[in-house]
Amino acid sequence: MRAVRERIPVVVQRNSRGRRAAVRGLWTSAEVVVTLGVVLLLLVAHQLWWTNRQARAGAAHTVQALQRDWAEPPPEPSPSVVPGEPADDSPAVSTGEEGEADGTAPAVTATAPRRSQAYAVIRIPRIGLTAPVAQGISRSGVLDKGYVGHYPGTAQPGASGNFALAAHRNTHGEPFRYINRLRRGDRVTVETRDAVYTYTVDKTLPQTGAGDGGVVAAVPRSNVKPYIGYRAAGSYVTLTTCTPEFTSRYRLVVWGKLTGVRER
């Protein structure tokens, strides 16, 4: 009887150490990608949700504070003339319609607002906007608070010239997000301690360069597209914001004319 020869299987030991290192590397890379994705998602949520929530709450509180302040009797003005000295000729701005000889109401003068001071409330019924107006257009002091900023050097509400404003279109309350929906004839009201000024939307410039300073001139007219704008002096309001949405490459501009003044 022939003996059966058994074959002994040969087991080849592969390099498991290198395999484990590769697995660990892939796992670490996956963790890094997931972590970066979560961080990015949190940043987006902060910009698109939290900054809006925070800025809108702060802006609403400021509007309420202004209205409470206006309901109180104005403070007694401090003496500005010292006996034996010339009268104080510190700068003042006109906040009313000018002229007396032609029968129009005399101008109302007020001390210029301090930098970043909220001093007026803008309302645009078409887009459901109510927001404070503050002096200046700095990001940290004005725009990022959800305020509408007043371009320094331009007219004050109701005055002859151009009452020029800027605000965010996206994030930080985005007050001007929907000004592209404004149409000719829509109302823009600006309320101050002394009066409520009504402007009527008249023209829109859908896109112009960020450096187009003509849109905020006393007689607003685009330097980039000079066929859009005005040629005669008047009392104007200018609303400016970034376009397209989520970019700051160009500017969207809406203009209006003063059509009504109501004293408080």
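Nothing in this text is a laboratory measurement; each read-out follows from the coordinates by a stated rule. The structure presented is a predicted model; accordingly, all values stated were derived computationally and were not measured. As a convention, Cβ positions derive from the backbone with ideal geometry for all residues, glycine included, and neighbour counts pool all protein chains shown.
The stretch between N223 and R264, if pulled fully straight at 0.36 nm per residue, gains 11.0 nm over its current Cα-Cα span. Classify the stretch 205-264 as rounded, prolate or oblate from the Cα gyration tensor: take a ≥ b ≥ c as the square roots of its eigenvalues, call it rounded if a/c is under 1.5, otherwise prolate when a/b beats b/c and oblate if not. It comes out oblate by the Cα gyration axes. If the segment from F246 to S138 were pulled out straight at 0.36 nm per residue, it would be longer than the present Cα-Cα gap by 37.0 nm. FRET efficiency for the pair R53 and A232, taken as 1/(1 + (r/R0)^6) with r the Cβ-Cβ distance and R0 = 51 Å, rounds to 0.75.
Between R193 and W27, the simple label model (points 7 Å from Cα in the Cβ direction) yields a spacing of 6.8 nm. A DSSP coil position with no more than 12 other Cβ atoms inside 10 Å describes the following chymotrypsin sites (Phe, Trp or Tyr not before Pro) in the stretch 171-264: Y227, F246.
Within the shell of other residues whose beta carbon sits under 11 angstrom from the beta carbon of Q135, the net charge comes to +2, with Lys and Arg scored +1 and Asp and Glu -1. The stretch 111-190 and the stretch 192-250 have their alpha-carbon centroids 12 Å apart.
State whether the stretch 153-264 is rounded, prolate or oblate according to the following rule on the C-alpha gyration tensor (a ≥ b ≥ c being the square roots of its eigenvalues): a/c under 1.5 gives rounded; otherwise a/b larger than b/c gives prolate, and the remaining case gives oblate. Oblate, because a/c is 1.5 or more while a/b does not exceed b/c.
Cross-link partners of K203 among lysines, defined as those whose alpha carbon lies under 27 angstrom from its own and excluding same-chain residues fewer than eight positions apart: K225, K257.
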